[in-house]
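S.K.: Sharing a structure below in C-alpha cells format, with a few things to ask.
The values are calculated or read from the model by the stated rules, or taken from the named source; none is laboratory data. Owing to the predicted nature of the structure, the values given are computational and were not obtained by experimental measurement. As a convention, Cβ positions derive from the backbone with ideal geometry for all residues, glycine included, and neighbour counts pool all protein chains shown.
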Amino acid sequence: MSIKTFELISTTENGVQLISYVALPESASNDNPVTGILVAPEWWGVVEHPKSVTERLAKAGYAAVAMDVFGEGKLTTDAAMANMWMEQVLADQDMLMARCQLILNDFSDQMGVNGDNVGAIGFCFGGKVVLDMAREGMPLKAVATFHGNLSPKQPADKNFAAKVLVAHGGADSMVTMDAVEGFKKEMEAAGVDYTVDVYDDAKHGFTNPQADKRAADNDADLGYNEAAAKQSWDKMMDFMKANLG
C-alpha cells in the first residue's frame, strides 16, 4: 500500500512547537477516513524507530502519528540527555498530558483520519505516556505498550475506557516484574480489560533494532530481540484490529 508522510506541527499555549510525524495510506481522504493510531516513542524522541513504526502502520491501512512530546523535534542517542528530557517533562505531568491532548486533537482533525476511532501504542517511556493518556480519560479505544514504563500519573479509575495490551520483557532490568504485578492490580481495581504478555529472554528495548548499539554506547541494559519483536508486533496488530477494526 502506498503511503504519504508529513510533519504535524502543534503549538502549545506557551509557544512550544511539537513536531510530530504522520504517515497514512495514500487512499485516506475525508470521504474515506481511516482509523488513527498514536505512537509515543522511547525517550530518544521521534527518531528512526518510531518513524518506521508509523510507516508500518500506514502500510497496514492505519493513519499513525509519532508524537513529539519533548517539543521542538528534539532527538538524541545519548541516554543521559534522553533521561534529562524525560525528567523535565515528567516534572510537570499535567503539561505532558496537555501536549498529548493537543497532538491527539490535531491528529484527529487531519483529513483522512477518523478521529472517533483512535488507539495508541507506546515504547518504554512512551508506554507510560499512552497509559497515562488513557488514565486521564482521553478517548482511546485500545492502548498497547512495548517494554513500557507502567508507573501511573494517577491510578486508573472509571474514566479509563481503553482496552490494554502489554508486551513486557522477562529479562527487563528497568521495569521489574514487581512493577508488572502492581500494574495488574491497578488495572483490576479499575475494571480494565487488559492482557500482559511476558517474553522470556527479552530485555528492555527489545523491539528497537538499534537497542544493542544504544546499549553499547550508553552502558545500558538494553537489547533487541527479533523473535519477541515480531511476535509482540503481530499480537498488537491483531489487538488493534479486534478493537478498532
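S.K.: Step by step: first the residues of region 61-87, then only those that are surrounded by fewer than 20 Cβ atoms within 10 Å (Cβ to Cβ) and of a type in the set (Asp, Glu), then the one that is nearest to Gly245 (Cα to Cα). Which residue is that?
M.R.: If we take residues in region 61-87 being surrounded by fewer than 20 Cβ atoms within 10 Å (Cβ to Cβ) and of a type in the set (Asp, Glu), then Glu72 is nearest to Gly245 (Cα to Cα).
S.K.: List the number of the failed condition for Thr207; all other conditions in (1) hydroxyl-bearing (Ser, Thr, Tyr); (2) surrounded by fewer than 22 Cβ atoms within 10 Å (Cβ to Cβ); (3) under 23 Å from Lys241 (Cα atoms) hold.
M.R.: (2)
S.K.: So which residues in region 57-78 are part of a helix (DSSP H, G or I) and either closer than 27 Å to Asn14 by Cα or within 14 Å of the chain's Cα centre (by Cα) (or both)?
M.R.: The one that is part of a helix (DSSP H, G or I) and either closer than 27 Å to Asn14 by Cα or within 14 Å of the chain's Cα centre (by Cα) (or both): Leu57.
S.K.: On the given criteria, is Val47 crowded, with 20+ Cβ neighbours inside 10 Å, within 20 Å of Ile121 (Cβ to Cβ) and within 14 Å of the chain's Cα centre (by Cα)?
M.R.: So Val47 does not fit the description; no.
S.K.: Separate question: Looking at region 149-170, is at least one residue surrounded by 13 or more Cβ atoms within 10 Å (Cβ to Cβ), of a type in the set (Val, Ile, Thr), farther than 24 Å from Leu96 by Cα and modelled with pLDDT of 95 or more?
M.R.: No, that holds for no residue.
S.K.: Another one. If I go through region 86-135 residue by residue, how many of them are part of a helix (DSSP H, G or I), farther than 19 Å from Thr11 by Cα and among the charged types (D, E, K, R)?
M.R.: Residues in region 86-135 being part of a helix (DSSP H, G or I), farther than 19 Å from Thr11 by Cα and among the charged types (D, E, K, R): 4 in total.
S.K.: Please indicate, with yes or no, whether at least one residue in region 56-63 is modelled with pLDDT under 95 and over 28 Å from Asp221 (Cβ atoms).
M.R.: no
S.K.: Which one of these does Ala134 not meet: (1) in contact with a helix residue (DSSP H, G or I) (Cβ under 8 Å, 6 or more places away or on another chain); (2) farther than 18 Å from His204 by Cα; (3) of a type in the set (Gly, Ala, Ser); (4) crowded, with 22+ Cβ neighbours inside 10 Å?
M.R.: It fails just one condition, (1).
S.K.: Go over the candidates Asp132, Asp94 one by one and state the one that is over 19 Å from Gly245 (Cβ atoms) and touching a Lys or Arg at 6+ places or on another chain (Cβ under 7 Å).
M.R.: Only one candidate passes the filter, namely Asp132.
S.K.: Which fully enclosed strands (runs of 3 or more DSSP E) of region 136-221 have 3 or more residues being in contact with a His (Cβ under 8 Å, 6 or more places away or on another chain) and without any contact (Cβ under 8 Å) to a residue 60 or more places away in the chain?
M.R.: Of the strands (runs of 3 or more DSSP E) lying wholly inside region 136-221, those with at least 3 residues that are in contact with a His (Cβ under 8 Å, 6 or more places away or on another chain) and without any contact (Cβ under 8 Å) to a residue 60 or more places away in the chain span 194-199.
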